[in-house]
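Novice: The structure that follows is given in the form of structure tokens.
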Amino acid sequence: MQGVTVVDHPLVQHKLSIMRKQETSTAGFRRLLREISLLLGYEVTRNLELTTTTIETPMETMEAPILEGKKLVFASVLRAGNGLLEGLLDLVPAARVAHIGLYRDHETLEAVEYFFKAPSDLGDRLVIVVDPMLATANSAIAAVEKLKERGATNLRFLCLLAAPEGIERFTKAHPDVPVYTASIDRQLNEKGYILPGLGDAGDRLYGTK
Ligand code: URA
């Protein structure tokens with residue numbers, strides 16, 4: 001699928017299988033999501049631009065590669081996005097963070113923003129939007145819209161699992177935003193859950209239900 005990268009690294013696939021199991025504990029799920037986000041983060045940042053700076057090693061002067069441009073932004077779609085965010089911040093500790101809270105209006109079925117906090121200069125930064133489940137894509141589409149309204153132009157979307165229906169809707173709405181995922185599962189069910197999936201990512205991460 002164009003614009004979609006499936007991270008098929010064996011460690012990612014192995015960890016994901018354990019996360020899917022219904023008997024995996026909240027603590028286990030949380031730890032695995034943190035571990036897997038490091039590996040997904042590695043892929044989503046693979047082609048970041050580099051520049052060089054002059055440094056002194058104990059031996060001599062060299063031109064050393066460093067990341068170019070302003071610090072990137074991880075934009076977490078609350079609340080499950082925070083599970084991916086933790087590991088990504090281990091990987092890129094200097095990254096800036098945006099939080100986006102959305103709920104679904106029961107009458108209009110539209111995603112309504114209840115919280116938005118982001119660096120003011122989004123237009124100057126790469127923004128990596130994180131939400132573990134790309135299911136109907138309603139919240140992912142809305143989150144990217146909200147970021148674009150505030151000036152973001154260079155975005156990527158990172159999730160753990162995606163449904164084919166969600167990918168189709170998302171890439172149609174935002175063809176300029178590449179998607180990274182560990183798996184494209186079979187389908188959505190009538191309630192908007194991914195099959196075979198892993199259940200409700202937020203509940204599994206926080207032990208709610
Ligand atoms: N959100 C989840 O947490 N799980 C799904 O299967 C779909 C959306």
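Taken together, the values in this text are just the output of simple stated rules run on the coordinates, not laboratory data. All figures in this text were calculated on a predicted structure; none of them were measured in a lab. Cβ atoms come from the backbone with ideal geometry, glycine included; neighbour counts cover every protein chain shown.
Novice: With the structure loaded, tell me whether V97 is under 21 Å from S37 (Cβ atoms), part of a strand (DSSP E or B) and away from the ligand (no atom under 13 Å from the Cβ) or whether it fails that test.
Specialist: Yes, satisfied.
Novice: Under the condition of being under 13 Å from V129 (Cα atoms) and part of a loop (DSSP other than H, G, I, E, B), which residue from segment 53-78 is farthest from the ligand (Cβ to nearest atom)?
Specialist: Only one residue fits best here, namely L72.
Novice: Of everything in segment 104-150, what is hydrophobic (A, V, I, L, M, F, W, C), closer than 14 Å to F170 by Cα, surrounded by 20 or more Cβ atoms within 10 Å (Cβ to Cβ) and in contact (Cβ under 8 Å) with a residue 40 or more places away in the chain? Give them in sequence order.
Specialist: Hits for segment 104-150 are V129, V130, M133, L134, A135, A140, A143.
Novice: Looking at (1) more than 22 Å from R79 (Cβ to Cβ); (2) within 16 Å of the ligand (Cβ to nearest atom); (3) surrounded by fewer than 16 Cβ atoms within 10 Å (Cβ to Cβ), find the lone condition where N189 falls short.
Specialist: Every listed condition holds for N189 apart from (1).
Novice: Please enumerate the residues belonging to segment 103-138 that are in a loop (DSSP other than H, G, I, E, B) and in contact with a Leu (Cβ under 8 Å, 6 or more places away or on another chain).
Specialist: A118, R125, D131, P132, A135, T136
Novice: Now for a different question. Report, by residue number, each residue of segment 163-186 that is free of Cβ contacts under 8 Å to residues at least 60 places away in the same chain, more than 10 Å from the ligand (Cβ to nearest atom) and touching an Asp or Glu at 6+ places or on another chain (Cβ under 9 Å). Outline the logic, then answer.
Specialist: First, pick out the residues of segment 163-186 that are free of Cβ contacts under 8 Å to residues at least 60 places away in the same chain: 163-166, 168-170, 172-174, 176, 185-186.
With the extra rule that they be more than 10 Å from the ligand (Cβ to nearest atom), the set shrinks to 164-165, 168-170, 172-174, 176, 186.
Residues satisfying the conditions are P164, A173, H174.
Novice: Something else about it: Please specify each residue of segment 38-52 satisfying the condition of being surrounded by fewer than 12 Cβ atoms within 10 Å (Cβ to Cβ) and either within 16 Å of the ligand (Cβ to nearest atom) or hydrophobic (A, V, I, L, M, F, W, C) (or both).
Specialist: Matches in segment 38-52: L50 only.
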